[in-house]
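A quick write-up on the structure given underneath.
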Amino acid sequence: MAALRLARYIEGSYWEDLAVRFAFVIKINLVGVQLINKLINMSVTTAQVEQIIAKATKFTEENPVAVGASAVVALATSIFLFRRSNMNRDGADYNSTFGAAGKILNNADHNLKGSEFHDSIADYENMFSGARQETGAITSEESIEVRKKKYADMVNHFYNLVTDFYEYGWGQSFHFGPRWHNEEFMESIKRAEYHLCSRLGMKPGMKVLDVGCGVGGPMRNMAIFSGSNIEGITINNYQVKVGNKNNASNGLSHLCKLVQGDFQNLPWADGYFDAAYEIEATCHSPDRVVTFGGVARVLKKGGLFAGYDWVVTDKYNPDNKDHVRIKEGIEVGNGLPTLATPEHIVDCLEKAGFEVLDHYDANKGVHDANQLPWYETLNGKLTLSGFRMTHLGRMVTHSFVWTLELLRIAPAGSTRVSALLNATAIDLVDGGKDEIFTPSYFFVARKK
Ligand SMILES: C[S@@+](CC[C@H](N)C(=O)[O-])C[C@H]1O[C@@H](n2cnc3c(N)ncnc32)[C@H](O)[C@@H]1O
């Protein structure tokens, strides 16, 4: 083990890297020493000590992030001494309880470097100008048009920023699913995927398209389950790199493949696929008739297309400011031009040349006695395995990311991304509680 580590240290620019990090540690320690010196030189009375404690308590209450972050400085300092993580991409890279968060945006696969990352978040935020400051700002026609025009950049920026956070916090399947009261989280995620396999009749030898495939979590589960050949498309190159490495390390390259491209312009020949699916991906589309029309083109005649789309339900009231606030929070936190309605999904499928066979909200029983709401995992009770997904878990991760950014391990802007995701998690929970939003509007349609 030690020999291995030594070999890694000797190759590459390790020493240069170490010197820079070491300088940081020294700088931080010097500041610390100066502070301690000041305290020692003060002759303080008991009353003053009490005053300091009261101030510190108040500071802690008002600045939980900063205090939490300080608590993990010691941990971060040890990570300091390691170069960027080389990921195995076997599905277990983020398993470790303590070291895992240090790999977010700090792994050798990540293609964005320092300032590019910062520019990415700045460009992304510009497309949602006024969001969270003024309710209604990003629901205006002009605002939606900006995002529809720039959808490719918006989505690509978004997934450059969040892919690691998603994989660390949620897993390799970037979607929700209805959950039964005695069902484990991963069981519910896989059940949503296997449901698609069953409705599409997926079996060995079939060629299936995954529209907006993320890092390929669903694709791998569905290929193992059905034996079908699955090709997925995502606009984000980092996801392609991560996904195909995972396919290889899991022995699935013969069944699964990710390609980089735009689902508004699919790069396959007419009639190439037997079936197609999308999971929480076409919500990013600037024009679903075009997206679904492309899917129809690459499907054989009679081929099935199924999916889960994000919609506002019929309980959503555009005149209710609270509803609009929640809807906009979901949009800005998830890279969406605007949320659609179920009627819009069905209409677009029909206009694109499909016969819609079935459609319904897979979360329609969200508050039934035997269901765990799809958003419950985000809301979260404290379980060790699911800790990162809970509110408290996200706060701890946020503090950690803040520290890593401060120490310049994670790129500038990382904390803003973490904050964006934390804020939207609350909106998703609120939308789910009020039943004004569902991420699982299921449909299955046949190409005419
Ligand atoms: C929420 S993720 C879902 C990923 C995957 N379906 C899953 O469940 O793990 C949305 C995906 O859609 C992809 N996407 C969005 N717009 C796209 C576009 N215009 N072309 C290709 N992929 C797109 C994103 O890159 C991302 O991979």
From the option list Asn160, Asn126, single residue qualifying as within 12 Å of the ligand (Cβ to nearest atom) and either of a type outside the set (Phe, Trp, Tyr) or modelled with pLDDT of 95 or more (or both) is Asn160
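Table: residues versus (1) buried (at least 23 other Cβ atoms within 10 Å of the Cβ); (2) near the ligand (Cβ under 9 Å from one of its atoms); (3) part of a loop (DSSP other than H, G, I, E, B).
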residue	(1), (2), (3)
Gly177	yes, no, yes
Lys190	no, no, no
His195	no, no, no
Arg199	no, no, no
Val208	yes, no, no
Cys213	yes, yes, yes
Taking first residues from segment 269-285 that are of a type in the set (Asp, Glu) and second residues anywhere that are in a loop (DSSP other than H, G, I, E, B) and more than 8 Å from the ligand (Cβ to nearest atom), the pairs with Cβ under 7 Å that are 6 or more apart or on different chains are Asp274/Met206
Given (1) on the phi > 0 side of the Ramachandran plot; (2) in contact with a Ser or Thr (Cβ under 8 Å, 6 or more places away or on another chain), Gly169 misses just (1)
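Looking only at segment 293-325, count every residue that is of a type in the set (Phe, Trp, Tyr), touching a Lys or Arg at 6+ places or on another chain (Cβ under 8 Å) and not in a loop (DSSP other than H, G, I, E, B) and tell me the total.
Qualifying residue count for the region: 1.
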Leu392 vs (1) in a helix (DSSP H, G or I); (2) under 18 Å from Asn422 (Cβ atoms); (3) touching a helix residue (DSSP H, G or I) at 6+ places or on another chain (Cβ under 8 Å): all pass except (3)
Note: among Thr377, Thr397, just one is in a helix (DSSP H, G or I), of a type in the set (Ser, Thr, Tyr) and farther than 20 Å from Asn107 by Cβ, namely Thr377
Within segment 222-243, the residues that are crowded, with 21+ Cβ neighbours inside 10 Å and either in a helix (DSSP H, G or I) or within 15 Å of the chain's Cα centre (by Cα) (or both) are Met222, Ala223, Ser226, Thr234, Ile235, Asn236, Gln239, Val240, Val242, Gly243
Exception for Glu184 within (1) of a type outside the set (Ser, Thr, Tyr); (2) modelled with pLDDT under 95; (3) closer than 27 Å to Gly114 by Cα; (4) away from the ligand (no atom under 16 Å from the Cβ) falls at (3)
Filtering segment 252-291 for residues that are in a loop (DSSP other than H, G, I, E, B) and crowded, with 23+ Cβ neighbours inside 10 Å leaves a count of 4
**Study point:** Filter result for His118 (over 27 Å from Asp322 (Cα atoms) and buried (at least 20 other Cβ atoms within 10 Å of the Cβ))
**Key:** no
Within segment 305-326, restricting to residues that are surrounded by 23 or more Cβ atoms within 10 Å (Cβ to Cβ) and more than 16 Å from the ligand (Cβ to nearest atom), the one that is nearest to Asp270 (Cα to Cα) is Val312
Over segment 215-242, the set of residues under 21 Å from Met87 (Cβ atoms) and either of a type in the set (S, T, N, Q) or near the ligand (Cβ under 9 Å from one of its atoms) (or both) is Val215, Gly216, Gly217, Pro218, Met219, Asn221, Gly232, Thr234, Asn236, Asn237, Gln239
How many residues of segment 126-170 are closer than 24 Å to Asn106 by Cβ and not charged (D, E, K, R)? The answer is 14
Quick check: anything in segment 338-357 within 15 Å of the ligand (Cβ to nearest atom), without any contact (Cβ under 8 Å) to a residue 60 or more places away in the chain and not polar (S, T, N, Q)? yes
Taking segment 127-151 and keeping only residues that are of a type in the set (D, E, K, R) and either without any contact (Cβ under 8 Å) to a residue 60 or more places away in the chain or in contact with a Leu (Cβ under 7 Å, 6 or more places away or on another chain) (or both), one is left with Glu134, Glu141, Glu142, Glu145, Lys150
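The values are calculated or read from the model by the stated rules, or taken from the named source; none is laboratory data. None of the values given here were measured: they were computed from a predicted structure. All Cβ positions, even for glycine, are placed from backbone atoms using ideal geometry, and neighbour counts span all protein chains on display.
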